[in-house]
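**Student:** I have a structure I would like to understand better, so I am pasting it below and will then ask my questions one at a time.
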Amino acid sequence: MKLGDYNKLRVVKRVDFGLYLDGGREGEILLPKKYVPEGTQVDDEVDVFLYLDQDERLIATTEQPLACVGDFAYLECTWVNKYGAFLNWGLTKDLFCPFREQKQRMEVGRRYIVYIHIDSESYRIVATAKVDRYLNADPAPYRNGQEVSLLVWQKTDLGFKVIVNNAYPGLVYDSQIFQPVHTGDRLRGYVTQVRGDGKLDIALQPTGRQMTEDFADRLMAYLHDHQGRCPYGDKSDADVIRDVFGVSKKTFKRAIGDLYKRRLITLTDAGIALI
């Protein structure tokens, strides 16, 4: 069984206050009545999330947490006591983050990037804001142009640090950002370089030919939605192109060239137009 994760367990007993599930060496595990799926019978198998209740007893729920053990997540602090902070992770019992695992004292109402793990001493599921130590330091097994999932971590002078595929550190440079980006955003990204230190350079748009083709399709849709005309062209300011289309001027010009070669558009003094 996996603590802090989903498990498929067999129902062995029904009681007034819920169901008992076969926990193997852990014994029978209670699934409280309010979480029992309608129509569940003895010997049925149910998908449940396992965690520890207020008395540190193993308990099952069909609630779906915002993250599992082994995940990085962006969670809100709901209350603080003399031992640490408690974060809302979607379950009745909040997730504990001790003071020693905080980079700065957490405040109620604010959200933080944390890593969820099982404390080796207490065997409790806890969070830590010191996420650096849990990022994979091995060279990332990705190729340039490969699509990856991102969790935006923090702003730097160069751009935004991101966590790639819930495992590796990456960076999106300011020059590659053409859309609003905030800490906690979950985005799709594309590998542009695997650096010598194992970290990844990431773009938020497809790279190379794929990026040109994708934006060319978007530009065609724009033309069809605007009576076949676009008031922007080769001489338009790069900042204007970024604000209107969310791409670099280089990508914009490549897409224009691609559509022009395919005889789908014509170039005018006022911009471009459908043929």
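The values are calculated or read from the model by the stated rules, or taken from the named source; none is laboratory data. Quick caveat, the model's predicted, so the values are computed rather than measured. Neighbour counts are summed over all protein chains in view; Cβ atoms, including those assigned to glycine, are modelled from backbone coordinates with ideal geometry. For accessibility, only protein heavy atoms count, side chains too; no ligands or nucleic acids. Shrake-Rupley method; radii C 1.70, N 1.55, O 1.52, S 1.80 Å.
**Student:** What nm distance separates the two modelled labels at ASP234 and ARG195, each placed 7 Å from Cα along Cα→Cβ?
**Tutor:** 3.6
**Student:** Tell me the per residue accessible area of the range 172-275 using a 1.4 Å probe; a whole number in Å² is fine.
**Tutor:** Values: 6070 Å² over 104 residues.
Accessible surface, normalised per residue, equals 58 Å².
**Student:** Figure the gain on full extension for LEU66 and VAL244 (residue separation times 0.36 nm, minus the Cα-Cα span) and round it to one decimal in nm. Write down the numbers at each step before the final one.
**Tutor:** Working: separation 178, 0.36 × 178 = 64.08 nm, distance 3.38 nm.
Gain on extension, LEU66 to VAL244, equals 60.7 nm.
**Student:** Simple spin-label model, 7 Å along Cα-to-Cβ: ARG186 to GLU56 in nm?
**Tutor:** Roughly 3.2 nm, to one decimal.
**Student:** Hey, another quick one. Quick one: pull the percent of accessible area on the range 56-177 belonging to carbon and sulfur, 1.4 Å probe, ligands and nucleic acids left out. Provide the component values of the computation, followed by the final result.
**Tutor:** On the way: 2910 of 6230 Å².
Carbon and sulfur atoms account for 47 percent of the accessible area of the range 56-177.
**Student:** What is the diffusion coefficient of the chain in µm²/s, taking the Kirkwood radius over Cα pairs and the Stokes-Einstein relation at 4 °C with a viscosity of 1.567 mPa s?
**Tutor:** Values: Rh = 22.3 Å.
Diffusion coefficient, whole number: 58 µm²/s.
**Student:** Quick check: the distance between the Cα centres of the range 155-211 and the range 1-25, to the nearest angstrom?
**Tutor:** Computed from Cα coordinates, the inter-centre distance equals 41 Å.
**Student:** What pairs from LYS155/LYS235; LYS34/LYS103; LYS93/LYS130; LYS2/LYS103; LYS130/LYS249; LYS13/LYS93 go past 30 Å between their alpha carbons?
**Tutor:** Details: LYS155/LYS235 32 Å; LYS34/LYS103 37 Å; LYS93/LYS130 22 Å; LYS2/LYS103 28 Å; LYS130/LYS249 38 Å; LYS13/LYS93 25 Å.
LYS155/LYS235; LYS34/LYS103; LYS130/LYS249, as the Cα separations exceed 30 Å there.
**Student:** Rolling a 1.4 Å sphere over the protein heavy atoms, what is the accessible area per residue of the range 92-132, to the nearest Å²?
**Tutor:** Numbers: 2220 Å² over 41 residues.
Solvent-accessible surface per residue comes out at 54 Å².
**Student:** Separate question: Suppose we keep just the alpha-carbon trace of the range 106-206; what are its Rg and Dmax in angstrom?
**Tutor:** Here Rg and the maximum Cα pair distance are 14.5, 45 Å.
**Student:** What distance in nm separates the two pseudo spin-label positions at LEU158 and GLN41, each 7 Å out from Cα along the beta-carbon direction?
**Tutor:** Taking the two extended label points, one gets 6.1 nm.
**Student:** Taking a quarter of the surface of the convex hull around the Cα atoms of the range 129-275, what do you get in nm²? Walk me through the intermediate numbers first.
**Tutor:** Values: hull surface 38.7 nm².
Mean projected area of the Cα convex hull: 9.7 nm².
**Student:** Please work out the FRET efficiency for the pair ASN81 and TYR134, using the Cβ-Cβ distance as r and a Förster radius of 30 Å; give the result to the nearest 0.05. Walk me through the numbers on the way to the answer.
**Tutor:** Values: r = 25 Å, r/R0 = 0.82.
The pair ASN81/TYR134 has a calculated efficiency of 0.75.
**Student:** Okay, moving on. Would you calculate a helix-derived [θ] at 222 nm for the chain, using -39,500 (n - 2.57) for each DSSP H run of n ≥ 4 and dividing by the full residue count, to the nearest 500?
**Tutor:** -4500 deg cm²/dmol
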